[in-house]
Amino acid sequence: MGINGVDNQAQPAGGVSRTEAPAADPQVEQRDAPREPDKNTGDQAVGSECKMTQEDSSVQLIEAGCKPPLSPGAESEMRVQVQDKHGFVAPEGGFGWLVVFAATWCNGSIFGIQNSFGILHTMLVNEHADPDDKTSQFKVAWVGALAMGMIFFCSPVVSMFTDCFGCRKTAVGGAALAFIGLLSTSFANSLGVRYFTYGILFGGGSSFAFQPSLVILGHYFRQRLGLANGVVTAGASLFSMGLPVLLKVLQPLGLSRTFQILSLFMLVQALLALTFKPLLPRGSRWIMTLTGVKKYFNLRVFHIITYRVWAFGVATAVLGYFVPYVHLINFVREQFKGTEKEWVLLVCIGASSGVGRLAFGKIGDLIPGLQKIYMQVVSFMALGLMSIMIPQCWVFEGLVVVCVFLGLCDGCFLTMMAPIAFELVGPMQASQAIGYLLGLMALPMTAGPPIAGLLHDYFGNYLVAFSLAGVPPIVGGVVLFFVPLIHRRLQRNQAAASPEETSTTAHMLPSAPAAEGSKSCSNGDMLPGYTDVETHI
């Protein structure tokens, strides 16, 4: 699982939301610009009055809100930089490809371990088996569920840390914490301790390492950002395919040694994260901190009704989302006793998920506006049906086919998350919308596997557990189906609104020439995230 290119497309690395101002009159620029740069001052202000050193580049001046005096030779180059969202020209490669490799390792190692937890789950069950305890599956499932939940639950806080301390410090610290969590898990002897070491430390550290790996790509790529994200996505899928094979080889070594070897992945990531050198300039750290607090602790995106419905639908769907990743291997060992090919299923999920992310990403680009959400509708409903089909498979080959479809649905759901957020709330608030959504997903995603384990312990098999796990994705898909319908209804209501009502919201919209007839637009067309059909709500 991974969410690529969200924060780096939605906000500057400093976390301060900006809209691009239209080109000003040259005479006004000359009047507003300082006559001579101040050579003795190095601090950068964020107000309309700024002090600049001789060495200050035009990038820093634009970030500070000031317009530098332009020389005739540099005017054309400056216009290109002003047109850029962050006011600078990305290198589009070079050292950036090393950053791409580091981001790939981060995504692959974190979600490769998480997606392969089914093998670790069976090893934990064997180590903590208690004949007198009828809830062992329920208790063991919490180890992996807590780790996955922490990755999403910490997302808003991680965004603030990234804004305040930068990508490199946040990612290195997170990877180091995840390394400590996995290493200490190898020495733990009780489930209670492993809840903390694996679930909290490894899961929380993974969140702090993962999100900066997405943000940093926007520092090195603009025109080729899609390619960079594609490389990260495809490379991370290779980890999801290879780690089940590695865990199968490591299984005879025992659980402690396995966790110690897995911790090396995060140690390597801590070293690779040193390459996350930011290129975008940042303003005052205090101002950045205040901006981050205001940005991630306001509920403005929830004023948009379509976003509220979408977030509720996704949060409902993921209640059964992580269940197959945790319980599939144990189900195979119960259903197909004596088989040694259970790891093949996780490889199939990882491979088809990678293919799905690349394929559905291209398909999504061809679908306009909120019509993209129907791809998530289909993926959730198919995912629910596949979960229901798992206990109905009496031959191993049928289970392989089901896992291939599970991976494709996983890839489609994750790939469409960021584009749909942009359509719903606009680019200025997409990062905030994703952060809240991940936070809402944390609780149901964490609760799903333990509930499935409790059902297994009660009924003695996985029939009810997997069947019920397929219901929430189907319900979530039904809820998402109504989001475009609600949006179209709001558009019709706006078109029929009286001129007096329309004029009360005109000040909230960007100024634009009046157009004849009703205006049709998707949610994300209006900045800072409200549309002309929803500003009056």
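The values are calculated or read from the model by the stated rules, or taken from the named source; none is laboratory data. Note that this is a predicted model, so its numbers are computed, not measured. Cβ coordinates were reconstructed from backbone atoms using ideal geometry, including for glycine residues, and neighbour counts include every protein chain displayed. Side chains are part of the model used for accessible areas, which takes the heavy atoms of the whole protein and leaves out ligands, DNA and RNA. Shrake-Rupley method; radii C 1.70, N 1.55, O 1.52, S 1.80 Å.
Using a 1.4 angstrom probe on the protein heavy atoms only, line up Y195, Y307, Y458 by accessible area, largest first.
If we order Y195, Y307, Y458 from most to least accessible, we get Y458, Y195, Y307.
Based on the Kirkwood radius over alpha-carbon pairs, what is the Stokes-Einstein translational diffusion coefficient of segment 102-206 at 4 °C with 1.567 mPa s viscosity, in µm²/s?
Numbers: Rh = 14.4 Å.
Value of D from the Cα-based Kirkwood radius: 90 µm²/s.
With the contact rule set at Cα under 8 Å and sequence spacing of 6 or more, what percent relative contact order holds for segment 298-495?
Worked out over segment 298-495, it gives 42 percent.
Leaving out ligands and nucleic acids, and using a 1.4 Å probe, what accessible area per residue does segment 298-495 come to in Å²?
Ligands and nucleic acids excluded, the figure is 36 Å² per residue.
Evaluate the distance, in nm, between pseudo-label points positioned 7 Å from the Cα of L299 and of S190 along their respective Cα→Cβ axes.
3.9
Heavy atoms only, probe 1.4 Å: what % of the accessible area of segment 298-495 goes to carbon and sulfur, would you let me know?
Values: 5340 of 7170 Å².
Using a 1.4 Å probe with all protein chains present, segment 298-495 comes out at 74 percent carbon and sulfur.
Give the residue list of chymotrypsin sites (Phe, Trp or Tyr not before Pro) in segment 381-455 that are DSSP loop and have at most 13 other beta-carbon atoms within 10 angstrom.
Those satisfying the criteria are W394.
For segment 298-495, what is Rg from Cα atoms divided by 2.2 N^0.38 Å, rounded to two decimals?
Values: Rg = 17.8 Å, N = 198, 2.2 N^0.38 = 16.4 Å.
Dividing the Cα radius of gyration by 2.2 N^0.38 Å gives 1.09.
Simple spin-label model, 7 Å along Cα-to-Cβ: L366 to V89 in nm?
3.5
Determine, from the Cβ-Cβ distance of W394 and Q223 and an R0 of 56 Å, the FRET efficiency 1/(1 + (r/R0)^6), rounded to the nearest 0.05. Could you put the intermediate results ahead of the total?
Numbers: r = 51 Å, r/R0 = 0.92.
E between W394 and Q223, to the nearest 0.05, is 0.65.
Starting from 0.36 nm per residue, how many nanometres of slack lie between I261 and W97 once their C-alpha separation is accounted for?
56.4 nm
Probe of 1.4 angstrom, ligands and nucleic acids ignored: what's the accessible area per residue over segment 128-230, in square angstrom?
I get 35 Å² per residue for segment 128-230.
Can you give the Rg to Rh ratio of segment 375-462, both from alpha-carbon atoms, with Rh computed by the Kirkwood formula?
Result: Rg/Rh = 1.08.
Treat each spin label as a single point 7 Å out from the Cα along the C-beta direction, and report the E334 to S284 distance in nm.
6.0
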